[in-house]
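Before we start, here is the structure in question, set down as structure tokens.
The values are calculated or read from the model by the stated rules, or taken from the named source; none is laboratory data. Please read all numbers here as calculations on a predicted model, not as lab measurements. Cβ sites come from the backbone with ideal geometry, for glycine too, and all protein chains shown count toward neighbours. Each accessible area value is taken on the protein alone, full model and side chains, heavy atoms only, with ligands, DNA and RNA left out. Shrake-Rupley method; radii C 1.70, N 1.55, O 1.52, S 1.80 Å.
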Amino acid sequence: MEELLQQIKNIKQEVTAYIANHADDAEAFRIKYLGTKGLVKNIMGEMKNVPNEKKKEFGLLLNEVKQFVEDKYNSLKQSTQQTDTNTFNLIDWSLPGNPITVGTRHPLSIVRNQIVSIFKRLGFAVAEGPEIEDDWHNFGAMNLPEDHPARDMQDTFYINKNPDWLLRTHTSSVQARVMENQKPPIRVICPGRVYRNETISARAHCFFHQIEGLYIDENVSFADLKQTLYFFVQEMFGKETKVRFRPSYFPFTEPSAEMDISCLICGGDGCNVCKHTGWVEILGSGMVHPKVLENFNIDSNKYTGFAFGMGVERICQLKYRVNDLRLYSQNDIRFLKQFTGAI
Ligand code: PHE
């Protein structure tokens, strides 16, 4: 009898300890203590062995313990149910998912791709070269020997480790690389990034992008150069765009010309972009200098060629009216996401 009494008294302690360790499983608790084979039922079953005069005392004690265990079970059930419904209800399962934002192509890439696809239709292949160049490919081969004053036209970033190395100042260096490796006929365009030591402002940057063109074959004339560039302008900017050539100077072309197009922003009336002239310069060009051809053992009596180099940022400015060069490299998503729908 004493043993049973002790068992009853122990239940309370045991239940409290059990809950502390298994606070998340109300059902396991119910089975262990209140189920048909549970501890409480077990002890109830012992009642028949209790002598009559003790039955009242035992009955009261047992009822109290049973009540205690049931209360514990109820509160355990409530608290576990609550946490279940809490997390469930916090989520509105009917809400649409978060939209996945897809990036957009950079405006300079869009414009570069457009330019490349126009020249591809004329049979130009794409060629690329390194951004870290040596003096020969960037300058020497392009007819700018050392001490040539025209080197001052482009503020060059030299590489400390090796003064013969530099960041290419123009994509004309790719002309050199192509002529080094291919025999005429040559018909390539070379898109790429170039570097110049300029103070960064809305109108100048220390790097920008160019697309070079080079065409070498027998009987290539200045008329071919003009016609190719006319075609390009009409495809790129529309049939109504006007074009003019101005005589110019580049060491690697002779004769040389810069090409302007009528300002797309003001239609030629005069605005900030065209500095109130109605014209915007978009490229340099000319007939490949015989010395450049000879540098690559191309017979300048047999072959002639034309070359041009245009700035991608400038064309992008005209197409999209971007008024600050710095925007292209600041990675401001508000700027970048405005250029959708183009390839
Ligand atoms: N390389 C020249 C520049 O960067 C552009 C150019 C290319 C001019 C080819 C003529 C021929 O200004």
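Report whether or not His137 is assigned to a loop (DSSP other than H, G, I, E, B), within 14 Å of the ligand (Cβ to nearest atom), open to solvent by less than 20 Å² (accessible area, probe 1.4 Å) and in contact (Cβ under 8 Å) with a residue 40 or more places away in the chain.
Numbers: assigned to a loop (DSSP other than H, G, I, E, B): no; within 14 Å of the ligand (Cβ to nearest atom): yes; open to solvent by less than 20 Å² (accessible area, probe 1.4 Å): yes; in contact (Cβ under 8 Å) with a residue 40 or more places away in the chain: yes.
No.
Out of all the residues in the stretch 258-275, is one or more within 15 Å of the ligand (Cβ to nearest atom) and either open to solvent by 10 Å² or more (accessible area, probe 1.4 Å) or under 19 Å from Leu144 (Cα atoms) (or both)? If you could, list the steps in order and put the result at the bottom.
Of the residues in the stretch 258-275, the ones within 15 Å of the ligand (Cβ to nearest atom) are 258-260.
If we keep only those that are either open to solvent by 10 Å² or more (accessible area, probe 1.4 Å) or under 19 Å from Leu144 (Cα atoms) (or both) as well, we get 258.
Yes, there is a match, as at least one residue in the stretch 258-275 is within 15 Å of the ligand (Cβ to nearest atom) and either open to solvent by 10 Å² or more (accessible area, probe 1.4 Å) or under 19 Å from Leu144 (Cα atoms) (or both).
Continuing with the same structure: So which residues in the stretch 210-234 are surrounded by fewer than 22 Cβ atoms within 10 Å (Cβ to Cβ) and touching a strand residue (DSSP E or B) at 6+ places or on another chain (Cβ under 8 Å)?
Passing the criteria: Asp217, Glu218, Asn219, Val220, Ser221, Phe222, Asp224, Lys226, Thr228, Tyr230, Val233.
Under the condition of being within 42 Å of the chain's Cα centre (by Cα) and acidic (Asp, Glu), which residue from the stretch 65-124 is nearest to Ile211 (Cα to Cα)?
Only one residue fits best here, namely Asp92.
Inspect the stretch 179-194 for any residue being out of contact with any Gly (no Cβ under 7 Å at 6 or more places or on another chain), in the same structural domain as Ser285 (by TED's automatic domain parsing), among the polar types (S, T, N, Q) and modelled with pLDDT of 95 or more and give the result as yes or no.
Yes, some residue in the stretch 179-194 is out of contact with any Gly (no Cβ under 7 Å at 6 or more places or on another chain), in the same structural domain as Ser285 (by TED's automatic domain parsing), among the polar types (S, T, N, Q) and modelled with pLDDT of 95 or more.
Restricting attention to the stretch 1-40, which residues are of a type in the set (D, E, K, R), assigned to a helix (DSSP H, G or I) and at pLDDT 80 or above? Don't jump to the end; show me each part of the working.
Of all residues in the stretch 1-40, those of a type in the set (D, E, K, R) come to 2-3, 9, 12, 14, 24-25, 27, 30, 32, 37.
Those still in the list that are assigned to a helix (DSSP H, G or I) too: 2-3, 9, 12, 14, 27, 30, 32.
Correct list: Lys12, Glu14, Glu27, Arg30, Lys32.
One residue is enough: does the stretch 191-198 have a residue meeting the conditions within 25 Å of Ser117 (Cα to Cα), within 11 Å of the ligand (Cβ to nearest atom) and surrounded by fewer than 21 Cβ atoms within 10 Å (Cβ to Cβ)? Break it down into steps so the answer makes sense when it comes.
First, the residues of the stretch 191-198 that are within 25 Å of Ser117 (Cα to Cα): 191-195.
Checking which are within 11 Å of the ligand (Cβ to nearest atom) leaves us with 194.
Those still in the list that are surrounded by fewer than 21 Cβ atoms within 10 Å (Cβ to Cβ) too: none.
Within the stretch 191-198 (the criterion being within 25 Å of Ser117 (Cα to Cα), within 11 Å of the ligand (Cβ to nearest atom) and surrounded by fewer than 21 Cβ atoms within 10 Å (Cβ to Cβ)), the answer is no, since none of the residues qualifies.
Please work out which residue is nearest to the ligand (Cβ to nearest atom), limiting yourself to the stretch 276-303 and to residues that are in a strand (DSSP E or B) and open to solvent by 50 Å² or more (accessible area, probe 1.4 Å). Quick ask: steps written out before the conclusion?
Restricting attention to the stretch 276-303, the residues satisfying the condition of being in a strand (DSSP E or B) are 279-288.
Then drop every residue that is not open to solvent by 50 Å² or more (accessible area, probe 1.4 Å), which leaves 279, 281.
Numbers: Trp279: 17, Glu281: 10 Å.
Looking at residues that are in a strand (DSSP E or B) and open to solvent by 50 Å² or more (accessible area, probe 1.4 Å), I get Glu281.
Quick one: is Ile11 under 60 Å from the mean Cα position of the chain (by Cα), β-branched (Val, Ile, Thr) and surrounded by 13 or more Cβ atoms within 10 Å (Cβ to Cβ)? Walk me through it before giving the result.
Numbers: under 60 Å from the mean Cα position of the chain (by Cα): no; β-branched (Val, Ile, Thr): yes; surrounded by 13 or more Cβ atoms within 10 Å (Cβ to Cβ): yes.
Considered against the rule, which asks whether it is under 60 Å from the mean Cα position of the chain (by Cα), β-branched (Val, Ile, Thr) and surrounded by 13 or more Cβ atoms within 10 Å (Cβ to Cβ), Ile11 comes out as no.
Within the stretch 199-214, work out how many residues are more than 11 Å from the ligand (Cβ to nearest atom) and either over 31 Å from the mean Cα position of the chain (by Cα) or small (Gly, Ala, Ser) (or both).
Of the residues in that region, 3 qualify.
Right, something else. Take the conditions of a type in the set (Ser, Thr, Tyr) and either at pLDDT 95 or above or touching a strand residue (DSSP E or B) at 6+ places or on another chain (Cβ under 6 Å) (or both) and apply them to Ser79. Does it pass? Don't jump to the end; show me each part of the working.
Values: of a type in the set (Ser, Thr, Tyr): yes; either at pLDDT 95 or above or touching a strand residue (DSSP E or B) at 6+ places or on another chain (Cβ under 6 Å) (or both): no.
The answer is no for Ser79.
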